[in-house]
Amino acid sequence: MNSIFGKVKSSALELKNVKSMTIAAMLLALNILLFLFFSIQITNSLRLSFSYLPIAASGSLYGPVVGGIVAAAGDLLNLVIKPSGAFFPGFTINACLSGCIYGFVLYKKPASLKRTILARLCVALVELILGTLWLSMMYGKGYMVFFPARIMKAAILFPIEVMLLYGMLKVMERVKLPGLVR
């Protein structure tokens, strides 16, 4: 079950489990709350947020399919509740990819710093490369107009985000709630 297809199949089966869907919905709600109350919009193209934590938790608990769905739904609901610009489907694709990456790297695996760094690095690269591409397409400016500020933000926040994510995964591992962490 460690293959990519095995993880996708196992994660897709979580969609039939009521308890899994209930917890995924609560993580989606937490994602929205963190986005609404704990994110800072610096410019139109630069935002600081910790709403990635519930997305990582959903991917870690229920795999890439559920993680991707929760992330995409969170992106769309956040746009409806608190619009910060025009809708662009590329950012929803980024969100979905992020949830899937967390699922592929963290699902059914013990929390380790190495795995946490790998997951956050992959997501940061998706956000940096694709996110910058989407911004340049949206605003009609060159890729390199947005890239320096975004790479600086990513470099500064990376260690903080890794430590927060690792801490959350360790807490999830220790708090053995029935049906939550396997």
Degrees between helix 113-139 axis and first principal axis of the chain (Cα, 0 to 90, nearest 10): 40 degrees
Crossing angle, helix 52-81 versus the chain [Cα axis fit, 0-90 degrees, rounded to tens]: 40 degrees
Highest-fluctuation residue, Asn31, Asn17, Asn78 considered, GNM on the chain with Cα pairs under 10 Å: Asn17
Cross-link table Lys7/Lys176; Lys7/Lys141; Lys7/Lys153; Lys114/Lys141; Lys82/Lys170; Lys82/Lys141, entries beyond 28 Å C-alpha to C-alpha: Lys7/Lys141; Lys7/Lys153; Lys114/Lys141; Lys82/Lys170
Which of Pro110, Ser58, Gly167, positive extreme of dipole for the chain (C-beta unit charges): Pro110
GNM result for the chain, Cα springs below 10 Å: residue of Ala24, Ala72, Ala111 fluctuating most strongly: Ala111
Amide H contacts under 5 Å for Arg47, placed H, 5+ residues apart: Ile42
Cα-centred dipole magnitude for the range 4-174, charges only on beta-carbon of K, R (+1) and D, E (-1), debye, nearest 20: 360 debye
C-alpha long axis of helix 18-37 to longest principal axis of the chain, angle in °: 30 degrees
Local electrostatic count at Tyr166 - Lys and Arg +1, Asp and Glu -1, tallied over other residues with Cβ under 12 Å: +2
Rg(Cα)/(2.2 N^0.38 Å) for the chain, N = residue count: 1.00
GNM result for the chain, Cα springs below 10 Å: residue of Val105, Val66, Val80 fluctuating most strongly: Val80
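Each value in this text was obtained by applying a stated rule to the coordinates, not by laboratory testing. No experiment lies behind these values; they were computed from the predicted model shown. Note that each Cβ is placed from the backbone with ideal geometry, even for glycine, and that neighbours are counted across all protein chains shown.
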